[in-house]
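Reviewing the structure listed below.
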Amino acid sequence: MANYIASEIMTNTSATPQQTPVADPSDKVVLGWTHTARFLTTASELVHLPPNELPEIAFVGRSNAGKSTAINTLAQQKRLAFASKTPGRTQHINLFELGPKDAADAWFADLPGYGYAAVAKAAKLRWQKVMADYLGTRRSLSGVVLMVDSRLGLTELDKQLLEFVTPRVRNGEIKLLVLLTKSDKLNRKEADAALFATQDFLGGIVTEESDVSVTLFSALKKKGVEDVARALHEWAHPKAQPAAETAEDAEEAEPADAAPPAPAAAS
């Protein structure tokens with residue numbers, strides 16, 4: 001189902017069985033969790049990535065879309081994710097772990113920026129293959145955060161990247177969140193236009209099983225930080241859903257106070 005976390009967008013939800021409400025964690029809790037992010041390792045090839053059984057959330061985006069800044073803002077750390085002085089030259093997957101140091105509960109994966117014109121064609125093609133393989137086959141990948149410059153909207157390269165992960169998003173295997181970064185540079189009318197244009201495109205990906213979200217984000221103004229931290233926390237700590245009782249199950253269930261069957265008459 002489509003699940004838009006931005007307050008500007010309506011949320012589509014399907015009916016769920018009645019259950020006792022569980023209190024959502026506070027902003028302090030979810031921000032405290034993202035603040036625990038710490039460097040784990042780096043790899044230039046998929047084969048060098050360590051195996052992982054924890055939820056893994058990947059951050060992707062064009063060079064200059066504000067990916068490193070967004071990660072640092074979410075983690076409330078100045079230099080957790082490094083932005084290269086030459087955009088597009090960083091060609092490693094950097095992993096960060098979150099949660100208690102002796103019991104990590106999630107990983108963040110910072111993928112290289114793409115689309116910078118000065119990068120050699122061979123390097124672009126190599127990293128396109130690496131990212132396609134990562135997004136399409138990484139077993140522990142549970143969510144993707146796509147950074148998009150709100151002033152540009154989804155570019156052709158962004159749409160190409162989405163193609164890599166769309167099959168796994170549609171079947172609900174991977175969640176998708178699009179952050180429209182640098183939204184402080186837009187006025188209200190421009191921000192609404194960027195939001196709804198992105199929502200319209202993502203409508204072609206959404207299925208009953210999918211979890212696809214989009215929100216405006218500004219590292220400078222701290223807009224959307226709590227909402228995004230909460231979404232990522234929920235991805236890493238999914239709530240258990242009780243099994244729905246079907247009408248057939250209800251009919252077959254014998255009441256607790258039902259009388260035992262009468263003994264058969266003697267022949």
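The values are calculated or read from the model by the stated rules, or taken from the named source; none is laboratory data. Values in this document were obtained by computation on a predicted structure and should not be read as measured data. Cβ placement follows ideal geometry from the backbone for every residue including glycine, while neighbour counts extend to all protein chains displayed.
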**Checklist (1) modelled with pLDDT of 95 or more; (2) farther than 21 Å from G113 by Cα; (3) surrounded by fewer than 21 Cβ atoms within 10 Å (Cβ to Cβ) applied to G153, failing item** = (2)
**Request:** Select from region 37-48 the residues that are in contact with a helix residue (DSSP H, G or I) (Cβ under 8 Å, 6 or more places away or on another chain) and within 20 Å of L232 (Cβ to Cβ) and list them in ascending order.
**Result:** A37
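Counting only residues that are of a type in the set (A, V, I, L, M, F, W, C), in a helix (DSSP H, G or I) and at pLDDT below 95, which one in region 229-250 is farthest from the chain's Cα centre (by Cα)? Can you show your working first?
Quick first cut of region 229-250, residues of a type in the set (A, V, I, L, M, F, W, C) only: 229, 231-232, 235-236, 240, 243-244, 247, 250.
The next check asks that each one be in a helix (DSSP H, G or I); those that pass are 229, 231-232, 235-236, 247, 250.
Subset that is at pLDDT below 95: 247, 250.
Working: A247: 35, A250: 37 Å.
Once the filter is applied, the top-ranked residue is A250.
Limited to region 189-228, what total is found for residues that are among the small types (G, A, S) and either within 15 Å of F59 (Cβ to Cβ) or part of a loop (DSSP other than H, G, I, E, B) (or both)?
So the count comes out to 6.
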**Fill in**
Apart from one, (1) surrounded by fewer than 17 Cβ atoms within 10 Å (Cβ to Cβ); (2) farther than 25 Å from L54 by Cβ all hold for E209; the odd one out is (2)
**Asked** Looking only at region 177-188, which residues are closer than 27 Å to S142 by Cβ, outside any helix (DSSP H, G or I) and polar (S, T, N, Q)?
**Response** T181
**Asked** Quick check, is L186 touching a Ser or Thr at 6+ places or on another chain (Cβ under 9 Å), farther than 19 Å from I57 by Cα and in contact (Cβ under 8 Å) with a residue 40 or more places away in the chain?
**Response** no
